Amino acid sequence: MKPYYEQSGITIYHGDCRELTAVLVGDLLVTDPPYGIKWDRGLNSARWSRSQPGIVGDDDVSARDAILDFWLPKPAIVFGSDLAPKPESTRQTLYWQKPNDAGVYGAYLGFRRDVELIFLCGSLPKRVPEWSSVLRSAIPSIGNPTSPAGKFQHPHAKPVDLLRKLIGLAPGVVVDPFMGTGSALVAARWENRAAIGIEIEERHCEIAAKRLSQEVLPLEVA
């Protein structure tokens with residue numbers, strides 16, 4: 001299959017990753033798949049917000065689990081939600097603590113829904129415990145035009161600095177079968193790592209390719 005984008009060790013394919021497993025050749029899977037929570041969002045006129053059409057394949061976790069079945073036992077780092085079943089292969093769960101404006105949508109009893117789960121699966125290298133399982137990013141906001149979601153028109157775009165931390169957990173070629181707008185691939189570029197991404201929505205492939213095509217990448221936190 002011809003790549004959508006290929007440059008400096010980074011390759012993007014446009015299509016359904018479940019049909020393109022032949023190109024998933026690498027060492028570390030780092031991905032933000034559909035969570036299986038039927039996510040959508042309407043316009044909130046009280047603050048910066050735009051309506052969102054939802055995430056392709058988010059009716060259940062079947063897409064995520066199909067890729068993990070193919071990939072394991074190699075190392076895998078997978079974002080997810082506490083509203084859906086975690087992967088059966090999960091060895092440990094980390095928590096991304098979002099900025100202070102996050103998690104208002106869908107919150108109850110005064111507590112924000114301001115963390116996302118990160119499942120560690122497969123044969124990740126063992127280490128002496130020295131880090132907190134709560135991870136943070138330098139991004140100041142989730143809900144404005146300068147946030148990852150605002151800049152790259154993807155509701156679940158992850159900050160690059162967070163992904164750089166995760167990519168550092170294991171060596172080799174990074175693979176993201178649910179690439180979105182390419183944050184994991186940008187993080188891999190910053191870490192001088194080769195990477196392969198697959199994305200089912202062509203508009204997201206286009207944004208990712210533009211981000212990666214810059215001759216000198218800006219120091220993206222987002």
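Brief remarks on what is shown
Okay, residues lined up against (1) basic (Lys, Arg); (2) at pLDDT 95 or above; (3) outside any loop (DSSP other than H, G, I, E, B); (4) surrounded by fewer than 20 Cβ atoms within 10 Å (Cβ to Cβ):
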position	(1), (2), (3), (4)
65	no, yes, yes, yes
73	no, yes, no, yes
79	no, yes, yes, no
87	no, yes, no, no
95	no, yes, yes, yes
99	no, no, no, yes
103	no, no, no, yes
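- Condition met for residue 198 (at pLDDT 95 or above and either part of a loop (DSSP other than H, G, I, E, B) or within 15 Å of the chain's Cα centre (by Cα) (or both)): yes
- So residue 184, is it of a type in the set (Gly, Ala, Ser), modelled with pLDDT of 95 or more and either part of a helix (DSSP H, G or I) or over 16 Å from the mean Cα position of the chain (by Cα) (or both): yes
- Restricting region 134-179 to residues that are under 18 Å from residue 117 (Cβ atoms) and of a type in the set (D, E, K, R), the residue that is modelled with the lowest pLDDT is 158.
- Looking only at region 105-121, residues that are of a type in the set (D, E, K, R) and open to solvent by 90 Å² or more (accessible area, probe 1.4 Å) come to 2 in all.
- Among the residues making up region 163-206, a single one is more than 22 Å from residue 72 (Cα to Cα), of a type in the set (A, V, I, L, M, F, W, C) and surrounded by fewer than 20 Cβ atoms within 10 Å (Cβ to Cβ): 190.
- Residues that are exposed (fewer than 13 other Cβ atoms within 10 Å of the Cβ) and at pLDDT 65 or above, drawn from region 36-63: 62
- Region 16-30: number of residues that are open to solvent by 40 Å² or more (accessible area, probe 1.4 Å) and either acidic (Asp, Glu) or in contact (Cβ under 8 Å) with a residue 24 or more places away in the chain (or both): 5
- For residue 126: the one exception among (1) surrounded by 11 or more Cβ atoms within 10 Å (Cβ to Cβ); (2) at pLDDT 85 or above: (1)
The values are calculated or read from the model by the stated rules, or taken from the named source; none is laboratory data. From a predicted model like this one, the values you see are computed outputs, not experimental measurements. Methodologically, a virtual Cβ is constructed for each residue, glycine included, from the backbone with ideal geometry; neighbour enumeration extends over all protein chains shown. Side chains included, ligands, DNA and RNA excluded: accessible areas come from the protein's heavy atoms. Shrake-Rupley method; radii C 1.70, N 1.55, O 1.52, S 1.80 Å.
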